[in-house]
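Enquirer: Next up is a structure, given as structure tokens.
Nothing in this text is a laboratory measurement; each read-out follows from the coordinates by a stated rule. Note that the coordinates shown come from a computational prediction; the quantities given were computed from them, not determined experimentally. Neighbour counts run over all protein chains shown; Cβ positions are idealised from the backbone, glycine included.
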Amino acid sequence: MGKKGAKASPAAYGSRCIICGLEKDGLEVKEDYVINAMRYFKKNITKNAKNYRLVVCKECFPKYDKARNSYVKKQISYVAIAVAFAVLLIIVAAGNLGAIVYGLAIIIFMYLLSLLSYTPGVKMPPNVKPPKVGRK
């Protein structure tokens, strides 16, 4: 048995596909700040941490790839629109400090909106092409 209060590794409870939710093996998901925040919330706030190793299984990779590409495009679009509005606001307000603060708030808000369609990246081993699954 481990020490009391010891941190369980993400692989302690098996691996789960982030698309279908089934217990499968596949390409491992990158642990980034969004996933770390969710794990922290589940561990400390809800006390319901499962600590699964998150993966994308071979069967779900085309669906994942489509969702990831959509997320990246939305994120870029939202932030670009926010920067345009912030710059416009600062120009119209003649560099007023309040306009700069509101401009930054717009950029942060739009970035957070882009996280509504969040799809994490996967760790691709070097010299390995993503799995291809033919249409049925």
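Enquirer: Taking the Cβ of Val29 as the center, what net charge do the other residues with Cβ under 15 Å away carry, scoring Lys and Arg +1 and Asp and Glu -1?
Expert: Local net charge: +4.
Enquirer: Express in whole angstrom the spacing between the alpha-carbon centres of the stretch 53-113 and the stretch 28-46.
Expert: Here the two parts' Cα centres lie 21 Å apart.
Enquirer: Next up: Filter Lys74/Lys123; Lys24/Lys66; Lys47/Lys123; Lys24/Lys73 down to the pairs with a C-alpha to C-alpha distance above 23 Å, please.
Expert: Lys47/Lys123; Lys24/Lys73
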